[in-house]
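These notes are about the structure you will find just below.
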Amino acid sequence: ELPGFYYDSEKNRYFRLLPGHNNCNPLTKESIQYKAMECKRLRLLEEEEKQKKKTARPGLNSSMLLHKRQLGLLSSTSYCRLVHELKVNCMQRRKIEIHSPDSSVTGTNNFKIIVADAACERIFTVNDVEHGGCKYGIISLSGLGQELLTVEMYDNLYFTNRKVNSVCWASLTHPDSHFSLTHWSTLCLMGIAETPGCASLLPASLFSNSNPGDRPGMLCSFKISTAWSCAWCLNPQAENCFSTGLTRRVLVTNVVTGHRQTFGTNSDVLAQQFATQSPVLYNGCRSGEIFSIDVRQRSRKGQGWKAVRLFHDSAVTSLRLLQAEHYLMAADMAGEIKLWDLRTTRCVKQYKGHHNEYAVLPLHVNEEEGLLTAVGQDCYTRIWSLQDTHLLRTIPSPHPAAKDAIPSVVLSSRLGGSRGVPGLLMAVKQDLYHFSYN
């Protein structure tokens, strides 16, 4: 890079930039970089259309895997992992048609966040509204198994003039039975500028075609300072509790009793996740610190209540515990994704290629399939092998890269329930896409 010049790769020479001499000069560093990124995206999309089958590793194909399996050279775990890897590389994009009882809301608002429930039968959606604020909805995925891809979207009249920072699914035990679970969605909302935010617990039955008079109201809603993250606890020792990551503190609330616990921190809490085997909450901060809290303790003097402490060089944006809960995956604003061993508090693996500079972007871990998925700030969806950190596939966005067009994704082997179809769901702008590896 030369000050005052830009390099044209097509003409293989430098040209002068003269700021102020030409007020209509379209040549800026940003516009040149955007043009190069758009050319790369269009080239990748064209290659994906032409190349129906590809692989991230030389010589990896289904016949070779089956042959090695029959010879006993591959364990069942390795075989399943490599088969999923092969299927991921063969995924093809198809657009999903979204049906809604209210035709006026279909395709009018941009998707911002999509989050699947535990069974992957439904996804909760947050959409940006044209006049500002956000609107909520639930999409049933039962139609994905059909030849014509159609899904049903159920909206409600709730919307907020605040920016939605974090969403997670929750479950409350029905009072009549200990086995009947009613699913709810927990929303963590941030206020605009210095206005206060709020956290809300919405019943999923709000999003249905039933009589509006039969729908329950908002279960829980309270105003708080600027909220960045939320997490629901499934451990019975902290039943019906959810946490909210705020500016310089963590708030743990029991939605049934209303009891609250406050833990002061030195930085904003941008990411949270509860463990399931114990009532322990993991928090990722803007300062780069990751620490855990046992919500059963009462003493909060000093920093002694922090059980595990890990450190990144940049703000931590996402946390994911692996199933055995001995390992924690963390991503930060420097684009680094690290796998931490919680027993030795050491980083054991790093996943290269993720792009992030300032956005709070989630990680998606599919441990059974051995896959890690993340969407970068450059709008590319990347899939890695959990086992050896190999970058398996980079999926370009169907829309030009922009700050308001970063895709939100869900990857599962059972989209639509236990008998569902495997694949990747991608929501970008007003469109929903399905990448099937059936």
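The values are calculated or read from the model by the stated rules, or taken from the named source; none is laboratory data. Bear in mind that the values here come from a model prediction, so they are computed numbers and not experimental data. Positions of Cβ are backbone-derived with ideal geometry, glycine not excepted, and every protein chain shown enters the neighbour counts. All accessible areas refer to the heavy atoms of the entire protein, side chains included, with ligands and DNA or RNA removed. Shrake-Rupley method; radii C 1.70, N 1.55, O 1.52, S 1.80 Å.
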I'd like the full set of residues that are under 13 Å from Asn366 (Cα atoms), touching a residue at least 60 places away in the same chain (Cβ under 8 Å) and either out of contact with any Asp or Glu (no Cβ under 7 Å at 6 or more places or on another chain) or not assigned by the TED database to the domain that holds Val365 (or both), limited to the stretch 402-414. Val409, Val410, Ser412, Arg414
Testing Ile406 on (1) farther than 23 Å from Lys35 by Cβ; (2) open to solvent by 20 Å² or more (accessible area, probe 1.4 Å); (3) of a type in the set (Val, Ile, Thr), one condition comes back false. Which one is that? (1)
Quick check on Arg43: is it at pLDDT below 85 and either over 23 Å from Asp378 (Cα atoms) or open to solvent by 70 Å² or more (accessible area, probe 1.4 Å) (or both)? no
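This table checks each residue for (1) over 13 Å from the mean Cα position of the chain (by Cα); (2) of a type in the set (A, V, I, L, M).
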{"residue": "Val348", "(1), (2)": "yes, yes"}
{"residue": "Lys352", "(1), (2)": "yes, no"}
{"residue": "Asn366", "(1), (2)": "no, no"}
{"residue": "Val375", "(1), (2)": "no, yes"}
{"residue": "Arg382", "(1), (2)": "no, no"}
{"residue": "Leu432", "(1), (2)": "yes, yes"}
{"residue": "Tyr437", "(1), (2)": "yes, no"}
Out of everything in the stretch 236-255 that is outside any strand (DSSP E or B) and in contact (Cβ under 8 Å) with a residue 24 or more places away in the chain, what residue ends up being least open to solvent (accessible area, probe 1.4 Å)? Ala238
I'd like to know if the stretch 282-296 contains one or more residues that are farther than 17 Å from Arg249 by Cβ, among the aromatic types (Phe, Trp, Tyr) and in the same structural domain as Ser412 (by the TED database). no
Sort out which residues of the stretch 302-335 are part of a loop (DSSP other than H, G, I, E, B), open to solvent by 60 Å² or more (accessible area, probe 1.4 Å) and either closer than 25 Å to Thr394 by Cβ or not assigned by the TED database to the domain that holds Lys403 (or both), and write them in order of number. Asp313, Ala334
Criterion: at pLDDT 60 or above and in a loop (DSSP other than H, G, I, E, B) - qualifying residue of Ser229, Ser208: Ser208
Odd one out for Tyr358, checked against (1) open to solvent by 10 Å² or more (accessible area, probe 1.4 Å); (2) of a type in the set (Phe, Trp, Tyr); (3) in contact with a His (Cβ under 8 Å, 6 or more places away or on another chain): (3)
Pairs, please: C-beta under 6 Å, at least 6 apart or cross-chain, first residue at positive phi and in the stretch 304-327, second outside any strand (DSSP E or B) and crowded, with 21+ Cβ neighbours inside 10 Å? none
